[in-house]
Amino acid sequence: MTRVREHRLKPSLRLKTKSEIIEFIHDRGLVSALGGNELPSFISAILGKPWKPSARGFTGWLDWWSIKISGQSVAHVSREIGGRNDILATRIFKRTRTLVSNKIWPIIDPIVKHHQDPAVKRKILSELEVKILESIESEGSIRTDRLRKNLKLDAKENNSKFHRSLSKLESYALIVGVEDPHPEKHLHANIWQTWDKRTRNGIGRTNLSYGEAIVKLLEKTLDACVLAPEDEMRKWFEWSTDVQPVKEELLKNKTIRRAGSYLIASRIS
């Protein structure tokens, strides 16, 4: 089956080296950092079998926690890859951590620019989310703990709303975080940048409109998934109301196909 082969869901197909992982991400375009959704999964491809977060909690992570890739732990490799100049980690797909190749950045860029528009931004973001975004913009790069301190949100009672706001901004790709490679002892924190700053050297000239970019992104996402339940597509992105008419257009043009309750990339026979 195409999905098994392309998502590396057999032991004989599993990814064994860092270079293979990087090539896998660039080939697929979008890869789920963990799994449990329609995208190819970073962890599943390393294991050579389907894996997803479960109710077992940390015990489920033991399936892959001890695996070494090119002599390094999977967690270390994941952190390193998410900080590369040609790959970034964001939450545009179902608000889950998703590794995105720079081949897809020119498609996402017009969508981000649309949501950066002051009028659109005020419609989709809360006051706190706007303050966080503006603080990151003014700093250029800022670590989570300093960001909280600057906004006077470092008290424990602010934990939930602060992290919920970060997740919302990531889901629109307005901000991008990478784990600090040199944290103080016992401190794990992201360094935040805006989309424009994080991708400034990785996007070539693009003339796509917002609507055209959504068409391309939907096509590329389904291509990475190979196939997906049709009713799940409306949950993929925050801008889902703009996705529904695009889906129908792609079906009409036979860019994607319907098979029962599933949508399939047109290249799949």
Point to revise | Condition met for LYS247 (crowded, with 18+ Cβ neighbours inside 10 Å and farther than 20 Å from VAL4 by Cα) | key: yes
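Among SER165, SER171, which is the only one that is surrounded by 12 or more Cβ atoms within 10 Å (Cβ to Cβ), without any contact (Cβ under 8 Å) to a residue 60 or more places away in the chain and of a type in the set (Ser, Thr, Tyr)? Explain how you work it out, then say what you get.
On the way: SER171 fails: without any contact (Cβ under 8 Å) to a residue 60 or more places away in the chain.
Answer to the check: SER165.
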**Study point:** Residue selected from region 250-268 under the condition open to solvent by 40 Å² or more (accessible area, probe 1.4 Å) and of a type in the set (Ser, Thr, Tyr), by the criterion nearest to ILE214 (Cα to Cα)
**Key:** SER266
Exercise for review: Grab the strands (runs of 3 or more DSSP E) fully contained in region 197-269, keeping just those with 1 or more residues being free of Cβ contacts under 8 Å to residues at least 40 places away in the same chain and not β-branched (Val, Ile, Thr).
Suggested key: 256-259, 262-265
Review point. Is there any pair linking a residue in region 30-50 that is in a helix (DSSP H, G or I) to one that is among the hydroxyl-bearing types (Ser, Thr, Tyr), with Cβ under 7 Å and at least six apart or on different chains, and which?
Key: PHE42/SER32; PHE42/SER78
Review point. Can you tell which of ARG95, ARG8, ARG3 is in contact with a Leu (Cβ under 8 Å, 6 or more places away or on another chain), surrounded by fewer than 18 Cβ atoms within 10 Å (Cβ to Cβ), modelled with pLDDT of 90 or more and of a type in the set (D, E, K, R)?
Key: ARG3
Review point. Restricting attention to region 117-131, does a residue exist that is in a helix (DSSP H, G or I), acidic (Asp, Glu) and open to solvent by 60 Å² or more (accessible area, probe 1.4 Å)?
Key: yes
Exercise for review: Considering only region 1-29, state which residues are touching a Pro at 6+ places or on another chain (Cβ under 9 Å) and part of a loop (DSSP other than H, G, I, E, B).
Suggested key: HIS7, ARG8, LEU9
Practice item. Kindly indicate whether any position in region 119-140 is of a type outside the set (S, T, N, Q) and closer than 14 Å to TYR210 by Cα. Key: yes
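The values are calculated or read from the model by the stated rules, or taken from the named source; none is laboratory data. Everything numeric here is computed off the predicted structure, so don't read it as measured data. All Cβ positions, glycine included, derive from the backbone under ideal geometry; neighbour counts span all protein chains shown. These area figures cover heavy atoms from the full protein model, side chains too; ligands, DNA and RNA do not enter into them. Shrake-Rupley method; radii C 1.70, N 1.55, O 1.52, S 1.80 Å.
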